[in-house]
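Just below is one structure, and these are the notes that go with it.
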Amino acid sequence: MSIEETIKQLPKIEQHVHIVGSVRPETLLWLNKQGEIKLPYKTLDDLKDFYAYQGFEHFLNVYSMVNELITHEKYYEIITYEMLQNQHNCNVKHVECIFSAYDHMHRGLDFSDMVEYINKGISRAKRDFGITCNIRVDVVRNYGPEIALMLLDEIKTNGNNIVSIDTGGIEEGVLPRTYAKVYEAAREQGLRLTAHQGEAAGANYVWECIEQLKPERIGHGVSAAQDPNLLSKLTRRGISIETCPMSNLRTGAVKSLKDHPIRRFMEAGVKVSINTDDPPMFGTDMNTEYLMLHRELGFTAEELYNIGLDSIETSFIDEQAVSYTHLTLPTN
Ligand SMILES: [Zn+2]
């Protein structure tokens, strides 16, 4: 078996993927036919240029356009199911998916109905592909801490399968301490904690994040690599990094994959996972992430397999309840 084939067959874990960022172009066309908002795209060819990554501003436009097309809670079932089918096609066994609830609530959609449809998609995918999935709510820094506290209340009453919270969205200019009370309350509520940090802002944001918010994982964390003291701190505290290599390449957080700090994190003793973030919008999927790390940074199948094992350990799952005994390295 070729090394590429072996890598595709490796079992994988996804800790950082946005549901809305995973909508297939075909499904976007279908959504476009359903509601009142109409994009001027009728065929996949029409859509190709719009969907391909052209720059960060353009990516935000695509992302918000997909958000606008989700005009009913029920669409969450199909987009969650398809996101998990795509992951299954790359042999991903467990997914922790990101749900930015308020992006839809401020347009009038209901939190508990959306969660119910997401869970329907998850249940169908589990039945069809054996894949497991839990939900993390991104309180999105753009909306402020009051909205985040309101979301925690929603999770209290309608939090089926929601295991963690996250701060994503705008990074530069929103100091992590703004969310200290929110994280404290979430911890008391029994939620696990993670935060997008060190993607667009410097290592000082990651420092403040770990001191003030005490997350268990950091999403992206690219700028943390500039500070060896910070890396030792992450290692000592057992805080892992959800790396998103292709996303970082597309958005310019790294100039090339060869510059990606994933190896520096590992050499400092920080546990990492490999993630797709917004796969079709960044022209990636989990196999592509693995293959690019092999081609550009020389990762072997065994190293990638071991990252998968570490990712199980740093995932927010009850390891007793999920059997990962099928994680065996294919032989060449
Ligand atoms: Zn993300």
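Summary of the geometry: region 150-227 and region 50-101, compared by the centres of their Cα atoms, lie 21 Å apart.
Relative to its residue count, the chain spans a Cα convex hull of 131 Å³ per residue. Report Rg/Rh for region 25-69, rounded to two decimals, where Rg is the Cα radius of gyration and Rh the Kirkwood radius. Reported Rg/Rh, Kirkwood definition of Rh: 0.94.
The modelled label-to-label distance for the pair Asn89/Glu68, using points 7 Å beyond Cα in the direction of Cβ, is 2.7 nm. With the simple model of a label 7 Å out from the Cα in the direction of the Cβ, Asn142 to Leu297 spans 2.8 nm.
Compute the label zone of His106 within region 40-73: residues whose backbone N is under 17 Å from the point 7 Å along Cα-to-Cβ. Under cut-off, by backbone N: 60-71.
Calculated mean residue ellipticity, 222 nm, the chain: -14500 deg cm²/dmol, from DSSP H runs (n ≥ 4) at -39500 (n - 2.57) each, averaged per residue and rounded to 500. Taking the charge dipole of region 1-98 about its Cα centre, with +1 at Lys and Arg Cβ atoms and -1 at Asp and Glu Cβ atoms, the residue from Met83, Met65, Gly21 reaching farthest to the positive side is Met83. Treating each Cα of region 226-307 as an identical point scatterer and summing with the Debye formula, the log10 of I(q)/I(0) at q = 0.15, 0.18 Å⁻¹ comes to -0.52, -0.75.
With the simple spin-label model, which puts each label point 7 Å out from Cα in the Cβ direction, the Arg263 to Lys120 separation comes to 4.8 nm.
Rule-based calculations on the coordinates, nothing more; no lab input. Predicted model only: the values in this text are computed from it and were never measured. No Cβ is skipped: glycine too gets one built from the backbone with ideal geometry, and neighbour counts run over all protein chains shown.
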